[in-house]
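Step one of this worksheet: look at the structure below.
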Amino acid sequence: MKSRVTAFRGSKHFQLKHVTDHVIAAIAIPGTGSLNNAAISDLGDTTIVVDTFLTLQAASDLKEAAIYLTGKPVSYVVNTLWHSDHISGNQVFLPEARIILTTASHEIMDTFSRQRLSQYQENIEQMVIHGRSSCVQLLTFGGGHTQSDVIVYIPEEKLVVTGDLVLSKHHPVLTNANPQEWLHILEQIEQLGIETIVPGHGNICSLRELREVKDYISDILGLVAKAMQNKQHIDSLEVPDKYQGWSFTTYFKSNLTKVQTLISAYEDEQ
């Protein structure tokens, strides 16, 4: 499949990168209709696409790439979360492919995206898709980045596709997050013994970047807690030096506000 990656005609929306014999990453090109990363997994007789980009044009290119690389139609689409940059291309793969997501994500998508998405396939909280030459495990440890997050895990290749639970050199987005649960989920992913991560945004990475996300969330929690204790306005807080070069910097302030709201709500309950 590696030679087919090189031979693919290309897309303005993403760049294909060979990760393993069974996984090709579609890394988003900034400023196009992709926004998030996606992945294609060839299980021998079954093709899986993970996430479907922000626009139908990008999703159409992704579908074409999947068929070209594997020589088969797409059997399953896995949505790692319900945000629009991960699901808006779903309809391109219907009706041939089955859409897999958690029940919680389905309910959210059905409420907020009813006009855009016409079919869903709800999944149990953990499932395995077997192919002739490989298999993938779909796991959810609950909600961290969103109310319900899914990872795609290939044990034999020590690889996981994480959606936005892990980002490479991007500020995590805490808008719909439970930071403590997010940290807990990342700890559970670490225990899987993985070596390679296809993140929601940024380049293919490893546990190093996963731990950087853990540090970021912990740092945000600490910064806000200290500011509130000192009666310091959070607008005065600056991006720490080690995150200055990361993308999605505009989310730093909203992340602070989100954490402040969570801490205030917790204190009100005590």
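The values are calculated or read from the model by the stated rules, or taken from the named source; none is laboratory data. Not measured: the values here are computed from a predicted model. For neighbour counting, all protein chains shown are included, and Cβ atoms are generated from backbone atoms with ideal geometry for every residue, glycine included.
If the condition is being among the polar types (S, T, N, Q) and closer than 21 Å to Leu81 by Cα, then the stretch 200-232 contributes Asn203, Ser206.
For the stretch 216-256, residues that are touching a strand residue (DSSP E or B) at 6+ places or on another chain (Cβ under 8 Å) and outside any loop (DSSP other than H, G, I, E, B) total 1.
For the stretch 166-184, give me each residue that is touching a Phe, Trp or Tyr at 6+ places or on another chain (Cβ under 9 Å), touching a residue at least 60 places away in the same chain (Cβ under 8 Å) and either within 13 Å of Lys214 (Cα to Cα) or not in a loop (DSSP other than H, G, I, E, B) (or both). Within the stretch 166-184, Leu167, Lys169, His170, His171, Pro172, Val173, Leu174 meet the criteria. Screening the stretch 173-209 for residues that are of a type in the set (A, V, I, L, M) and under 22 Å from Leu256 (Cβ atoms) and picking the one that is surrounded by the fewest Cβ atoms within 10 Å (Cβ to Cβ) gives Leu183. Among the residues of the stretch 247-261, are any at positive phi and exposed (fewer than 13 other Cβ atoms within 10 Å of the Cβ)? Checking the stretch 247-261: not a single residue is at positive phi and exposed (fewer than 13 other Cβ atoms within 10 Å of the Cβ). Only a single item in (1) modelled with pLDDT under 95; (2) touching a Ser or Thr at 6+ places or on another chain (Cβ under 9 Å); (3) charged (D, E, K, R) is not met by Arg9, and it is number (2). If you check Ser218 against the conditions, is it surrounded by fewer than 15 Cβ atoms within 10 Å (Cβ to Cβ) and in contact (Cβ under 8 Å) with a residue 24 or more places away in the chain? In short, yes. Screening the stretch 21-33 for residues that are touching a strand residue (DSSP E or B) at 6+ places or on another chain (Cβ under 7 Å) and farther than 19 Å from Tyr76 by Cα and picking the one that is surrounded by the most Cβ atoms within 10 Å (Cβ to Cβ) gives Ala28.
Condition first: assigned to a loop (DSSP other than H, G, I, E, B) and under 25 Å from Gln126 (Cβ atoms). Can you find one or more residues in the stretch 10-22 that meet it? Scanning the stretch 10-22, I find at least one residue that is assigned to a loop (DSSP other than H, G, I, E, B) and under 25 Å from Gln126 (Cβ atoms), so the answer is yes.
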